[in-house]
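Just below is one structure, and these are the notes that go with it.
The values are calculated or read from the model by the stated rules, or taken from the named source; none is laboratory data. Keep in mind it's a predicted model, so treat the numbers as computed, not measured. Glycine also receives a Cβ, built like all others from the backbone with ideal geometry; neighbour counts cover every protein chain displayed. Only protein heavy atoms, including side chains, enter the accessible area calculation; ligands, DNA and RNA are left aside. Shrake-Rupley method; radii C 1.70, N 1.55, O 1.52, S 1.80 Å.
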Amino acid sequence: MSMRNTHKTFGNVAKGIHWIMVLGFIALYVIGYYMTSLPLGPEMFEKIGIHKSIGFIVLVLAVLRLAWRLINPTPDLPDEMPPIERLGAHLSHIALYAVMIVMPLSGWAMSSAANFPISVFGWFTLPSIMAPSKPAVEFLKEFHEVMAVCILVLLAVHVAAALKHHFINKDDVLTRILPFHKGH
Ligand code: HEM
């Protein structure tokens, strides 16, 4: 099984990052909604710290993933797929790449605007990317919250499309991104 993608299937790198990213997103949502339900205090700050650390890892992986995609072929969509569905697949993948980068960046900017440093798992501290500003914190907080819901909708469509390919169209679109699946 190759590291690189082919016109038929995803390689190990793309598969690996895809599924690590799935775990990352699940963790971000679970911790994100849990920490905002906590009263202000040490537990809340600890969970926010974990959320930010995972968000930064997701950002790095997203950039690497995008770079990897640009220097690799992408598996072709099934020949029988109608043009409107092809367009939907392309646009939704572009949107997913965009949110994987914009969402963590908006969190990083929010922290900078609030003048809170981000320590990634205590390993190192990220530089500030914007000047402290109360209105910016308010805006970015709202943006982060609204985007979280939009991304959930996008992911629901993404997963539904994957399941439709597998169970209704019975093509290899889902299996070719699964780890431990050889592909063709
Ligand atoms: C259980 C959850 C998920 C399932 C079942 C799933 C399924 C799939 C499948 C089947 C593909 C391959 C499409 C193709 O062959 O053209 C794919 C691609 C992709 N997925 Fe997911 N996915 C899931 C979660 C996620 C998450 C959480 C993200 C990131 C936020 C994500 C981002 C992407 C992106 C960007 C692509 C396009 C890859 C490329 O063409 O470079 N997926 N996904």
How about region 143-182: which of its residues are away from the ligand (no atom under 11 Å from the Cβ), outside any helix (DSSP H, G or I) and closer than 17 Å to Glu85 by Cβ?
Lys170
In the list Ala161, Ala148, which residue meets the criterion of being closer than 19 Å to Ala27 by Cβ, surrounded by 15 or more Cβ atoms within 10 Å (Cβ to Cβ) and under 21 Å from the mean Cα position of the chain (by Cα)?
Ala148
Within region 41-54, does at least one residue satisfy the condition of being charged (D, E, K, R) and touching a residue at least 12 places away in the same chain (Cβ under 8 Å)?
yes
Qualifying positions in region 7-46 - in a helix (DSSP H, G or I), more than 12 Å from the ligand (Cβ to nearest atom) and surrounded by fewer than 17 Cβ atoms within 10 Å (Cβ to Cβ)
Asn12, Gly16, Val30, Tyr33, Tyr34, Thr36, Ser37, Pro42, Glu43, Met44, Phe45, Glu46
Residues of region 62-85 being more than 10 Å from the ligand (Cβ to nearest atom) and in a helix (DSSP H, G or I), in sequence order, are Val63, Leu64, Ala67, Pro83, Ile84, Glu85
Is it the case that Leu59 is more than 11 Å from the ligand (Cβ to nearest atom), open to solvent by less than 30 Å² (accessible area, probe 1.4 Å), over 15 Å from Arg176 (Cβ atoms) and of a type in the set (A, V, I, L, M, F, W, C)?
yes
Taking Arg4 and the conditions (1) more than 26 Å from Ala109 (Cα to Cα); (2) within 12 Å of the ligand (Cβ to nearest atom); (3) touching a residue at least 12 places away in the same chain (Cβ under 8 Å), which numbered condition does it fall short on, given that it satisfies the others?
(2)
Contact list please: Cβ distance under 6 Å, first residue in region 167-184 and at pLDDT 95 or above, second residue hydroxyl-bearing (Ser, Thr, Tyr) and open to solvent by less than 30 Å² (accessible area, probe 1.4 Å), pairs at least six apart or on different chains.
Arg176/Thr9
Given (1) surrounded by 16 or more Cβ atoms within 10 Å (Cβ to Cβ); (2) away from the ligand (no atom under 11 Å from the Cβ); (3) closer than 20 Å to Gly32 by Cβ, index of the condition Ser128 fails:
(3)
Only one of (1) open to solvent by less than 60 Å² (accessible area, probe 1.4 Å); (2) within 14 Å of the chain's Cα centre (by Cα) fails for Ala89. Which number is that?
(2)
Could we say that Ile101 is of a type in the set (A, V, I, L, M, F, W, C), in a helix (DSSP H, G or I), open to solvent by 30 Å² or more (accessible area, probe 1.4 Å) and more than 9 Å from the ligand (Cβ to nearest atom) here?
yes
Picking from Ala136, Ala95, Ala89, which residue would you name as being part of a helix (DSSP H, G or I), in contact with a helix residue (DSSP H, G or I) (Cβ under 8 Å, 6 or more places away or on another chain) and over 30 Å from Asp172 (Cβ atoms)?
Ala136
